[in-house]
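Notes to accompany the following structure.
The values are calculated or read from the model by the stated rules, or taken from the named source; none is laboratory data. Worth saying up front: this structure is predicted, and the values here are computed from it rather than measured. Cβ atoms come from the backbone with ideal geometry, glycine included; neighbour counts cover every protein chain shown.
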Amino acid sequence: MKKKFPDNFLWGASTSAYQFEGGYNADGKGMSIQDVRTNIPEGTSDFKVASDHYNKWKEDVKLLAELGLKSYRFSISWSRIIPDGVGKINEAGINFYNDLINELISFNITPIVTMYHFDLPHKLNINGGWLNYDTVNAFECYSKILFENFGDRVKYWLTINEQNIMILFGEIVGVNLPDNGNKVKSLYQVNHHMMVAQAKAINMCHKIIPDGKIGPAPNISSVYAETSSPIDNFASFNMRVMRNWFYLDTCVFGKYNSLVINYLKNKNSMFEYNDEDMNIIKNAKPDFIAFNYYASATAKMPRSDKDFDELPDQQKLKSVRNMYQQIKNDNLQKTEFGWEIDPLGFRNTLRELWDRYNLPLMITENGIGGYDKLNDDFKINDEYRIDYYKKHLEQLKLAILEDNINVFSYNPWSAFDLVSTHEGVKKRYGFIYVNRDEFDLKDLKRYKKDSFYWYKKIIETNGFEL
Ligand code: BGP
């Protein structure tokens, strides 16, 4: 393990606009679906102020520079740039991101920009959201504006964050996808529209930014079978395809995975598409695959219809009748919030991705949420986070140095504490603590956690010191 990561490896960290910026209605910003969200779980904060990065961006970048980051992955809020999703541009929004990008570059931090992270402009949503093909065209216009305004300095672009999670569990992350009566068909129709939108953005990026690189950013997990019985292996294969490969195959190979298409046809839920869409998808070539990894997944096959029917709602949400049931893995430790921890699963996932697609890989999220506490001496002891990162980075190192996988950037979630998608401010992920509680905004001051100093050292030694 006493080796370095490759030269020029982009050590980074991540955030997303609606979870971090606040300023939800500042300077002409339009509402996004996250700003008007009604399904915020009781006892958790909304996203209106978040970590107030909109006002503190300059001091925040300074902290990122002190951490030693080589890259910073953040998202642009579509409704800050175009308040209604289409039409009028909000110059103040353009200025905000110009300032942020310039500041990052002045510290030699490479910006990695997510174009869309769960925050569709509300106006577009009212008009049918992603079920309406107009949103595809709106995304294309939005992407053109991004590339024209920021493409001279931003060379790494991510299209849509966790498209697969939005399709599979959209409600949890605050994305209520429209339903035309046949829910499964509507979901896959939305997915198809996102696929076309993504492909158009890829093509546009290559046209406008000749040295620009762009890729998808799904959440990818290796999937284990609960037992070695053939039927559970069958289920884990189904889950792997439905959760992971369906999304990436479309983007990389330019065609839909036939297992999922057969499933949809058998359910009379096949979405609509035409040759023109498929040509656009086929011609768009991503330059890399970015992905978020938190833990592996485990699947079994319910032994009967009755078994499936009797599953608790939460479990049903994560399962697909006659295909798979996602279950807990007793071999794995859990975080304070019950998420599984599987560092070797990280390497497994990297190996599977590399084996299947052979494209350069970037990690856009990986991390652990916990209840961090600001002590009287203003220190935050998050040893458990250091342990999580250490074990994952060891596996990443092996994947790069032993498996020879081309991974060029690691951007853990998250740089700063921010509002979790559905578990509030109390679930903290950052290297940098933000002093606010769920409903008490306090002074929003930033404090460096123990993990900050640890990660800084890792970056300084280019991974040698793991
Ligand atoms: C991913 C999202 C992030 C982030 C993270 C942690 O799904 O891309 O936006 O929040 O997971 O999830 P959570 O906030 O639900 O703990």
### Query
Give me the pairs: first residue in region 359-371 and farther than 29 Å from Lys426 by Cβ, second residue assigned to a strand (DSSP E or B) and within 13 Å of the ligand (Cβ to nearest atom), beta-carbon distance under 6 Å, and six or more apart or on different chains, which are they?
Met362/Ala290
### Query
Would you say Glu438 is in contact with a helix residue (DSSP H, G or I) (Cβ under 7 Å, 6 or more places away or on another chain), surrounded by fewer than 22 Cβ atoms within 10 Å (Cβ to Cβ) and part of a loop (DSSP other than H, G, I, E, B)?
no
### Task
State yes or no: is Ala295 under 27 Å from Tyr388 (Cα atoms), part of a loop (DSSP other than H, G, I, E, B) and touching a Leu at 6+ places or on another chain (Cβ under 8 Å)?
yes
### Query
Among the residues of region 124-174 satisfying the criterion of being small (Gly, Ala, Ser), more than 16 Å from the ligand (Cβ to nearest atom) and not in a loop (DSSP other than H, G, I, E, B), which is surrounded by the most Cβ atoms within 10 Å (Cβ to Cβ)?
Ser143
### Task
Could you please let me know if Leu466 is closer than 30 Å to Tyr357 by Cα, modelled with pLDDT under 95 and out of contact with any Gly (no Cβ under 7 Å at 6 or more places or on another chain)?
yes
#### Entry: Which numbered condition Phe118 fails, given (1) at negative phi; (2) touching a strand residue (DSSP E or B) at 6+ places or on another chain (Cβ under 7 Å)
(1)
### Query
Within region 39-60, can you find the residues that are of a type in the set (Phe, Trp, Tyr) and in a loop (DSSP other than H, G, I, E, B)?
Phe47
### Task
Go over the candidates Asn279, Asn292, Asn283, Asn257 one by one and state the one that is of a type in the set (S, T, N, Q), within 16 Å of the ligand (Cβ to nearest atom) and modelled with pLDDT of 95 or more.
Asn292
#### Entry: Selection from region 64-89 of residues that are touching a Phe, Trp or Tyr at 6+ places or on another chain (Cβ under 8 Å) and part of a helix (DSSP H, G or I)
Leu64, Ala65, Leu67, Trp78, Arg80, Ile81
### Query
Any idea which of (1) in contact (Cβ under 8 Å) with a residue 60 or more places away in the chain; (2) of a type in the set (Val, Ile, Thr); (3) assigned to a helix (DSSP H, G or I) is the one Ile105 doesn't satisfy?
(1)
## Note on the structure
Only one of (1) assigned to a helix (DSSP H, G or I); (2) more than 14 Å from the ligand (Cβ to nearest atom); (3) farther than 16 Å from Met31 by Cβ does not apply to Ala92, and that is (3)
### Message
Quick check on my filter: what residues within region 352-374 are surrounded by fewer than 23 Cβ atoms within 10 Å (Cβ to Cβ) and farther than 21 Å from Ala415 by Cβ?
### Response
Glu352, Trp354, Asp355, Arg356, Tyr357, Asn358, Leu359, Pro360
### Message
Can you list the helices (runs of 4 or more DSSP H) lying wholly within region 216-290 that have 2 or more residues being surrounded by fewer than 21 Cβ atoms within 10 Å (Cβ to Cβ) and polar (S, T, N, Q)?
### Response
230-240, 258-266, 275-283
